[in-house]
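Peer 1: For reference, the structure I am asking about is given below.
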Amino acid sequence: MISDIINSKDIKKVDPVFGQLSFDNHEQVVFCNDKDTGLKAIIGIHNTVLGPALGGTRMWQYNNEWEALNDVLRLSRGMTFKAAITGLNLGGGKAVIIGDAKTQKTPELMKRFGEFVHSLSGKYITAEDVGMETSDMDLVREVTPYVTGISESKGGAGNPSPITAYGVYMGMKAAAKYKFGSDILEGKKVVVQGIGHVGETLVEHLTNEGAKVLITDINEERLQAVSSKYGAEIYKGHDIYSESMDIYAPCALGATVNDDTVYKLKAEVIAGAANNQLAIEDKHGAILQQRGIVYAPDFLINAGGIINVYAELEGYGRQEINRKTENIYNTTLEILENATANSITTNQAALNIARERIATRKKENSK
Ligand code: NAD
């Protein structure tokens, strides 16, 4: 009986959507299901004050639906602030598809997902994230115009990952300048955790500059390939968080700065591509600050990708993409200085600026 379900203790423990810890006044959460293709997806639209909610689609084998929901809520919120601090007229959104991208992703599933995106009439615009390729976005493009990150041959700006990596590299250099007094990374020991689309290009920039790069990934084949291509050393230990390093670059999944790791980390700077690196923003940001570890906010320094896909909507070219991405260096330095001047965490300083821009626009919109 439905009343039994509603009254059940388990369900009462926490409200399923609006009561989630990671729910932050999201405007819309859309659950997409298609039996024929096996699609189970959630689209999170956090905030559309600055423009349509743009954010990639992640395909991941979550342990359960709560994890997937939590991920999409956190990721879409992050996109709102990323667009805001980067000065783009975009809102924050994100999508997750529940499943194994290697074995369960089919053209039919991608197109069905595209139809769900289309049904939102442009309020949400998708792109690639973990588990997605440019070719997947090309499939989505067959059923909806509300997709970016499509192939250059199809009029898109191509894979955003190299630009994301370049922006992370710029943010890392700025954080190094702030912490060490110089942005030269030659000789610095940098741990890159996750050497996928973004991580690999970051390794390339770092080894080109002469940094001592240590790489770690759960994919052994990639480790071997990236190591032999760029001469990066493969981490052989069992606990990367106990390794001494100058810079920690998380480029896999989020929440790696958490209760278990935050006191262990032996880095001077954290600067990486992963979204939502701090498991609990205020708490873990404050501990890093107390420990003197400079944290370059993820949503600030990994904005290269969104700058790249935004070009598809606004029609600007490669030169402007590079200029905007290079500017991440200046913005990062400003935020780090602002945090120190106001005795707040670097994450808070970045959030304050992003929130201010949204509030100003909201006022203008309501006039
Ligand atoms: P990807 O899927 O290409 O690479 C992720 C890599 O991390 C893979 O090689 C995977 O094996 C590895 N990995 C997964 N779990 C791991 C673990 N526990 N330890 C070590 N390695 C692990 O993804 P990507 O596109 O390179 O994105 C990386 C991160 O950057 C993601 O958090 C993504 O959300 C974020 N990001 C990406 C972009 C972009 O343009 N691709 C833009 C902004 C943010």
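Peer 1: Assign one of three labels to the range 162-355, namely rounded, prolate or oblate, based on the Cα gyration tensor with a ≥ b ≥ c the square roots of its eigenvalues; rounded applies when a/c is under 1.5, prolate when it is not and a/b is larger than b/c, and oblate otherwise. Could the numbers behind the result be given before it?
Peer 2: Working: a/c = 1.56, a/b = 1.05, b/c = 1.48.
In terms of gyration-tensor shape, oblate.
Peer 1: Out of VAL192, ASN47, GLY317, whose Cα points farthest toward the positive end of the dipole of the chain (charges: +1 Lys, Arg; -1 Asp, Glu; placed on Cβ)?
Peer 2: ASN47
Peer 1: Let me ask something else about it. Ordered by residue, what ³J(HN,Hα) values in Hz, to whole numbers, does the range 115-122 give under the Karplus form 6.51 cos²θ - 1.76 cosθ + 1.60, where θ = phi - 60° and Gly and Pro are x?
Peer 2: So the Karplus estimates, Gly and Pro as x, are 5, 5, 4, 4, 5, 8, 6, x Hz.
Peer 1: Among 299-312, 249-262, how do they line up from the highest to the lowest mean number of other beta-carbon atoms within 10 Å?
Peer 2: Values: 299-312: 26.9, 249-262: 20.1.
Ranking the peptides 299-312, 249-262 by packing returns 299-312, 249-262.
Peer 1: Compactness ratio of the range 20-120: Cα Rg over 2.2 N^0.38 Å, N = residue count?
Peer 2: Compactness ratio reported: 1.05.
Peer 1: Along the Cα-to-Cβ line of ASP260, 7 Å from the Cα, sits a label point; which residues in the range 166-193 have backbone N less than 18 Å from it?
Peer 2: Those under the cut-off are 193.
Peer 1: Let me ask something else. Taking a 30 Å limit on the Cα-Cα distance, which of the listed pairs LYS212/LYS264; LYS105/LYS283; LYS179/LYS363; LYS105/LYS264; LYS82/LYS264 fall beyond it? Before the final figure, lay out each step's value.
Peer 2: On the way: LYS212/LYS264 21 Å; LYS105/LYS283 37 Å; LYS179/LYS363 37 Å; LYS105/LYS264 37 Å; LYS82/LYS264 28 Å.
Cα-Cα > 30 Å for LYS105/LYS283; LYS179/LYS363; LYS105/LYS264; rest within.
Peer 1: For n ≥ 4 DSSP H runs only, could you compute -39500 (n - 2.57) per run for the chain, divide by its residues and tell me the 222 nm figure to the nearest 500? Walk me through the numbers on the way to the answer.
Peer 2: Values: 14 runs with 166 residues, N = 367.
Estimated from H runs of four or more residues: -14000 deg cm²/dmol.
Peer 1: Then there is this: Hey, what did the range 77-214 get for relative contact order, percent, Cα under 8 Å, at least 6 apart?
Peer 2: Over the range 77-214, the number comes to 14 percent.
Peer 1: Around ASP183, with a cut-off of 14 angstrom between Cβ atoms, what is the net charge of the other residues, counting Lys and Arg +1 and Asp and Glu -1?
Peer 2: On the way: positive: LYS173, LYS177, LYS179, LYS188; negative: GLU186, GLU209, ASP246, GLU268, GLU326.
Spelling it out: positives minus negatives among the neighbours equals -1.
Peer 1: Then there's this: Only sites in a loop by DSSP and with at most 14 other Cβ atoms within 10 Å count here; which chymotrypsin sites (Phe, Trp or Tyr not before Pro) in the range 220-274 make the cut?
Peer 2: Qualifying residues, ordered by number: TYR263.
Peer 1: Now, a different point. Which shape class, rounded, prolate or oblate, goes with the range 130-188 when its Cα gyration tensor gives a ≥ b ≥ c as root eigenvalues, a/c under 1.5 marks rounded, and past that a/b bigger than b/c marks prolate? Don't skip to the answer; put the middle values down first.
Peer 2: On the way: a/c = 3.99, a/b = 3.92, b/c = 1.02.
Prolate shape, in that a/c is at least 1.5 and a/b is the bigger ratio.
Peer 1: Still on this structure: Ranked from highest to lowest mean number of other Cβ atoms within 10 Å per residue, what is the order of the peptides 117-127, 77-87? Show your work: numbers first, answer last.
Peer 2: Values: 117-127: 20.5, 77-87: 24.6.
Going from most to least packed, we get 77-87, 117-127.
Peer 1: Counting other Cβ atoms within 10 Å, keep those with at most 16, restrict to DSSP loop, and tell me which GluC sites (Glu not before Pro) in the range 125-226 are left. Mind showing how you got there, number by number?
Peer 2: Details: sites: GLU128, GLU133, GLU142, GLU152, GLU186, GLU200, GLU204, GLU209, GLU220, GLU221; in loops: GLU133, GLU142, GLU186.
Within the range 125-226, the qualifying GluC sites (Glu not before Pro) (loop, at most 16 other Cβ atoms within 10 Å) are GLU133, GLU142, GLU186.
Peer 1: Please give the contour-minus-distance gain from GLU221 to ASP34: 0.36 nm per residue of separation, less the Cα-Cα distance, rounded to one decimal in nm.
Peer 2: Working: separation 187, 0.36 × 187 = 67.32 nm, distance 3.35 nm.
Extra length from GLU221 to ASP34 when fully extended: 64.0 nm.
Peer 1: Explain nothing, just compute: Karplus ³J(HN,Hα) = 6.51 cos²θ - 1.76 cosθ + 1.60, θ = phi - 60°, for every residue of the range 164-171 in order, whole Hz, x for Gly and Pro.
Peer 2: Rounded to whole hertz, the list is 4, 4, 5, x, 4, 4, 5, x.
Peer 1: Output the 0 to 90 degree angle, nearest 10, between the alpha-carbon long axis of helix 65-86 and the longest principal axis computed from the alpha carbons of the chain.
Peer 2: For helix 65-86, the angle is close to 60 degrees.
Peer 1: Sticking with this structure for a sec: How far is helix 328-341 tilted, in degrees, relative to the longest principal axis of the Cα atoms in the chain, given as a value from 0 to 90 rounded to the nearest 10?
Peer 2: 80 degrees
Peer 1: Let me ask another. Can you tell me the equivalent ellipsoid semi-axes for the chain? Use √(5λ) from the Cα gyration tensor, largest first, whole Å. Could the numbers behind the result be given before it?
Peer 2: Details: eigenvalues 190, 110, 103 Å².
The equivalent ellipsoid of the chain has semi-axes of 31, 23, 23 Å.
Peer 1: So, one more: What is the helix-to-structure angle for 346-366, meaning the angle in degrees between its Cα long axis and the longest Cα principal axis of the chain, kept from 0 to 90 and rounded to the nearest 10?
Peer 2: 40 degrees
Readers should treat all values here as calculations from the given coordinates under stated rules, not as data from a laboratory. Keep in mind that this is a model prediction, so the values were computed, not measured. Glycine gets a Cβ as well: all are built from the backbone with ideal geometry, and neighbour counts include every protein chain shown.
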